[in-house]
Amino acid sequence: RFRIEALTGVPMAAVAIGVFGTVMIVDNWFLGACMVPLAILSGYFVIFDRKIQAINREARETWDGIRTSSNEVVGGVAEIRNHFAFDHSIGGLKRSFNNYRDVMVRCGRLMALFGAIDPLVGTLQRSVLFGVGAALCMKGTALAGFAGQMTWGEVIKFMLLVQLFQRPVSEIAGYILKWRMNRVSIRRVDEYMKRPCVFEQESPGLELPEGG
């Protein structure tokens with residue numbers, strides 16, 4: 001299903017990007033050259049995808065380490081008590097929790113950066129659009145003489161074109177994100193399917209005493 005959606009959605013999004021980008025360049029080549037790269041930044045979350053997936057995998061691994069350490073401590077209570085090794089056993093469990101805490105701290109920092117970039121990108125896009133647009137609307141300015149004068153109506157039209165340009169960019173970035181996630185899942189399933197099958201003999205079970 002994903003492949004079918006990607007085969008139909010990605011070409012249409014690419015065509016839309018080409019059409020809206022060409023219209024912006026034709027309307028005003030300077031403002032279009034400024035806004036096309038900034039509009040592409042709408043798919044910035046693809047840049048952080050690999051890092052987020054790596055941290056999520058590390059978080060699962062450290063959590064499995066906590067479970068393993070906890071089971072070892074609980075299962076070895078008798079030996080720990082006989083050898084008075086409480087500090088050693090608790091120390092190993094503490095290290096596992098510290099590793100998990102460090103991973104979560106790094107994940108929190110990355111998510112905070114991820115959340116801060118969203119308004120930053122939008123603010124940068126609007127600032128360039130209205131700043132350059134205002135300069136192009138002023139008569140007699142060097143920028144208006146260099147790139148061509150515009151009216152506020154044309155600037156507002158340009159803003160709508162930028163929004164239409166951002167939509168297919170976000171769609172393609174979403175397809176890339178889904179493709180990466182599906183590729184990881186498919187690879188894990190393939191690794192599981194390639195594992196050898198082990199058939200163990202059936203256990204005879206516990207023998208109950210007669211009359212029990």
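The values are calculated or read from the model by the stated rules, or taken from the named source; none is laboratory data. Just so it is clear, the structure is predicted and the values come from calculations on it, not from any experiment. Neighbour counts run over all protein chains shown; Cβ positions are idealised from the backbone, glycine included.
Name the residues in segment 12-55 that are assigned to a helix (DSSP H, G or I), out of contact with any helix residue (DSSP H, G or I) (no Cβ under 8 Å at 6 or more places or on another chain) and at pLDDT below 85, would you?
Hit for segment 12-55 is A54, nothing else.
Would you be able to say whether some residue in segment 108-129 is assigned to a helix (DSSP H, G or I), hydroxyl-bearing (S, T, Y) and farther than 29 Å from I55 by Cα?
Scanning segment 108-129, I find at least one residue that is assigned to a helix (DSSP H, G or I), hydroxyl-bearing (S, T, Y) and farther than 29 Å from I55 by Cα, so the answer is yes.
For the list (1) surrounded by 15 or more Cβ atoms within 10 Å (Cβ to Cβ); (2) without any contact (Cβ under 8 Å) to a residue 40 or more places away in the chain; (3) under 17 Å from M159 (Cβ atoms); (4) more than 33 Å from the chain's Cα centre (by Cα), I need the number of the one condition that I25 fails.
(4)
Looking at segment 124-136, which of the residues that are of a type in the set (A, V, I, L, M) and free of Cβ contacts under 8 Å to residues at least 60 places away in the same chain is nearest to L160 (Cα to Cα)?
Per the criteria, the residue is A134.
From the list K94, K139, exactly one residue is exposed (fewer than 14 other Cβ atoms within 10 Å of the Cβ), within 30 Å of Q163 (Cβ to Cβ) and among the charged types (D, E, K, R). Which is it?
When all the criteria are applied, what remains is K139.
I'd like to check something: does segment 203-211 contain any residue that is modelled with pLDDT under 85 and assigned to a helix (DSSP H, G or I)?
No: zero hits.
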